[in-house]
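Read the structure below first, then the notes.
The values are calculated or read from the model by the stated rules, or taken from the named source; none is laboratory data. As the structure is a prediction and not an experimental result, all values here were calculated from the model. Backbone-built Cβ (ideal geometry, glycine too); neighbour counts: all protein chains shown. Ligands, DNA and RNA are excluded from the accessible area calculation, which covers all protein heavy atoms including side chains. Shrake-Rupley method; radii C 1.70, N 1.55, O 1.52, S 1.80 Å.
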Amino acid sequence: AQSVTQLDSHVSVSEGTPVLLRCNYSSSYSPSLFWYVQHPNKGLQLLLKYTSAATLVKGINGFEAEFKKSETSFHLTKPSAHMSDAAEYFCVVSDRAGGGNKLTFGTGTQLKVEL
Amino acid sequence: EAGVAQSPRYKIIEKRQSVAFWCNPISGHATLYWYQQILGQGPKLLIQFQNNGVVDDSQLPKDRFSAERLKGVDSTLKIQPAKLEDSAVYLCASSSYPGGEGRDTQYFGPGTRLTVL
């Protein structure tokens, strides 16, 4: 069985400072990992994904994440936060066991960006 | 490229009434998913279709929820009768899985926010 743990339910940063959203995963197979962002009253937008290529993955809007198998982590970072980054972020693992491409979502991290 | 379309965007009903949601996936995507997202939680998969066949409906409360994907394109999710605990956002997603580059990636629609009173 696969699972995802997002270690912080809320993160607050000042505009212009670095962002770190933490995620640990568990999977029986070589996983694909994703970060999605959800702005209020909007659908989920894909930020970036890891699918067994380069361990450092670059996404949209300056976000990146590093896959660390030894630590079973896939933390999301951004060097400098912008007000528009305020949203909920979901770490997601995909498990192709059984041929289903099933996604398992974490519980989400609410990012607040202050002036 | 048009994204995943869903309607309606908002729906308010009373308990024990029925409701239906519609989803049109990205053109050419073989796989379609319905998720339920309760406030403060991550989305939970309800049902997955590949073309017009069901791949996984293990989390679908079949006594009240039903879904179909006739002709392997658009899909309808129905709740009958609705309960208070069904209040949630219902998200539809699609992917090119099992084939195509980037087949692991699911693209989400804007969702339907259901309130059951």
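Here are some notes:
- Test: A:Thr77 is among the hydroxyl-bearing types (Ser, Thr, Tyr) and under 14 Å from the mean Cα position of the chain (by Cα): yes
- A:Thr72 satisfies every condition listed in (1) open to solvent by 10 Å² or more (accessible area, probe 1.4 Å); (2) away from chain B (no Cβ under 14 Å); (3) more than 12 Å from the chain's Cα centre (by Cα); (4) at negative phi except (4).
- Flag if A:Val37 is more than 20 Å from B:Thr31 (Cβ to Cβ), more than 14 Å from chain B (Cβ to nearest Cβ), open to solvent by less than 50 Å² (accessible area, probe 1.4 Å) and touching a residue at least 40 places away in the same chain (Cβ under 8 Å): no
- Sub-6 Å Cβ pairs linking a first residue in the stretch B:34-59 that is within 9 Å of chain A (Cβ to nearest Cβ) to a second residue that is open to solvent by less than 30 Å² (accessible area, probe 1.4 Å) and in a loop (DSSP other than H, G, I, E, B), at least 6 apart or interchain, are B:Tyr35/B:Pro43; B:Gln37/B:Pro43; B:Gly42/A:Gly106; B:Gly42/A:Gly108; B:Gln50/B:Ala30; B:Val55/A:Gly100; B:Asp56/A:Gly100, ordered by first then second residue.
- Cβ pairs under 9 Å, 6+ apart, first in the stretch B:1-27 and within 13 Å of chain A (Cβ to nearest Cβ), second exposed (fewer than 12 other Cβ atoms within 10 Å of the Cβ) and at pLDDT below 95: B:Arg9/A:Asn41; B:Ile26/B:Glu1; B:Ile26/B:Ala2
- Each residue in the stretch A:18-34 was checked for being open to solvent by 50 Å² or more (accessible area, probe 1.4 Å) and not basic (Lys, Arg), and 6 of them qualify.
- Scanning the stretch A:40-78 for residues that are of a type in the set (A, V, I, L, M) and without any contact (Cβ under 8 Å) to a residue 12 or more places away in the chain gives A:Ala53, A:Ala54, A:Leu56, A:Val57.
- Test: B:Arg69 is touching a strand residue (DSSP E or B) at 6+ places or on another chain (Cβ under 9 Å), within 13 Å of another protein chain (Cβ to nearest Cβ) and charged (D, E, K, R): no
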